[in-house]
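Taking it in order: structure first as structure tokens, then the write-up.
All of the numbers you see were taken from the coordinates with simple rules; none came from a lab. No experiment lies behind these values; they were computed from the predicted model shown. Here the Cβ is made from the backbone with ideal geometry for all residues, glycine too, and neighbour counts use every protein chain on show.
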Amino acid sequence: MAEHGALYRKYRPQDFSEVRDQEHIVKVLEGAIKKSEIPHALLFSGTRGTGKTTMARIFAKAIGTSSVDLYEIDAASNRGIDDIRELKEAVHTLPFESKYKVYIVDEVHMLTKEAFNALLKTLEEPPAHVIFILATTEEEKLLDTILSRCQVFRFRSPSRSVLASIVTDVAGKEGFKLSPDAADLIAIAADGSFRDALGVTQKVILASGDAIGSADEVAAIIGAPRGEIMLSLVKSLHEGKTEAALEAISEAVAAHVDIKLFTRLLLENVRAIMLVRHQPAKADELLSNFGPAAKDALKALAKESASPLNSHLLLRLLSATEQITYSPIPHLPLEIAVIELTTKK
């Protein structure tokens, strides 16, 4: 069994062939290497946990840069002018044993204004043996002058299906089996982050009393509701039972469920019902990530053509999801939406 928190490091891609869901970037980088047209400044932009630093290391390795000529700087903690001045001086020394010295500057948007200006001067005329790879989660905070000197690569958030596939594969390599609905729940909770997905998987493996991970085990770890609470809420909405629907929300709050994730899962359930209703031939495919009990219940609800579980309800829940972030009482927007939806005549 892997050490706590080690799965993301243990299964980090080591070369381009292992990178998932970033083919648009891999293709360009491999082409640049093949044609010996290596950019001297690259910007990797994307949300957290999408593999920007991993890709930077893979690229450095692919152009023959050894570990002694690879430098990683965390701009969040080395953000001042003095740190960049040291870098400006260091770039002029030749690599120890490689053709290129590669500097990976993570969270580059965190640099101070003075440090930005100093970095800009270095980017304008970098020595031929130096390559900068800047990484950021907030590209909009970067100066246009920085962007204009870099070849920009924008990382996609991995799809839910890719994340579910990855955590299933990694769990299997650790001698652990994740049920499909458990893997899907991890993928939803990870919200587009490879790192978060494997972090949750690690916790599930450590917390489980056996070698099989169920959706309820995952739910307990990530603050998601147990399956029966969610089904109870969905059925209550279908039947227009305000009291029962509010009771399901209360039960989730008492269990310390993450309300934003709870609402996201409610959206997933109602969306599945709506799609199955309009695409019955694809029911098994659309419900492939749900557990047996949920699958049967959602199929039955989808057959009710007059059900209030429709696009109008989905739009109202989407609005509630956005409001949760700013609400002083996180579950209040969902309670208001439920009351509106179940009492509307």
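Quick notes on this structure:
- Whether segment 204-281 is rounded, prolate or oblate, judged on the alpha carbon gyration tensor where a/c under 1.5 counts as rounded: oblate
- Note on the chain: with a GNM built from Cα contacts shorter than 10 Å, the maximum mean-square fluctuation among K34, K88, K52 falls on K34.
- Cross-link table K34/K173; K35/K99; K10/K61, entries beyond 22 Å C-alpha to C-alpha: K34/K173
- Cα lying deepest toward the dipole's positive end in the chain, options P328, S148, Q14, charges on Cβ: S148
- Computed with the Debye formula from one identical point scatterer per Cα of segment 202-341, without solvent, the log10 of I(q)/I(0) at q = 0.15 Å⁻¹ comes to -0.75.
- Evaluated with a Cβ-only charge set (Lys, Arg +1; Asp, Glu -1), the chain carries a dipole of roughly 700 debye about its Cα centre, given to the nearest 20.
- In order through segment 305-312: 3J(HN,Hα) via Karplus (6.51 cos²θ - 1.76 cosθ + 1.60), integer Hz, x for Gly, Pro: 5, 8, 5, x, 7, 9, 5, 4
- Hits among lysines - C-alpha to C-alpha of K295 under 27 Å, sequence gap 8 or more where chains match: K177, K203, K235, K241, K260, K282, K303
- Contact order, relative form, for segment 97-156: 47 percent (alpha carbon pairs under 8 Å, 6 or more residues apart, mean separation divided by residue count).
- Set of lysines with alpha-carbon distance to K113 below 18 Å, sequence-local pairs under 8 removed: K88, K121, K141
- If you run the Gaussian network model on the chain, springs between alpha carbon atoms under 10 Å, then out of K260, K121, K61 the most flexible one is K121.
- Fully extending the segment from Y326 to T112 would add 74.1 nm, taking 0.36 nm per residue of separation and subtracting the current Cα-Cα distance.
- Counting every other Cβ atom within 10 Å of each residue's Cβ, H109, H129 order from fewest to most as H129, H109.
- If you plug the beta carbon distance of H312 and E23 into 1/(1 + (r/R0)^6) with R0 = 35 Å, you get a FRET efficiency near 0.40.
- For the chain: relative contact order, % (alpha-carbon pairs under 8 angstrom, 6 or more apart): 16
- At R0 = 22 Å, FRET efficiency that the Cβ-Cβ distance of S36 and F96 yields, to 0.05: 0.50
- When the chain is treated as a Gaussian network with alpha carbon springs shorter than 10 Å, the biggest mean-square fluctuation among L233, L309, L142 belongs to L142.
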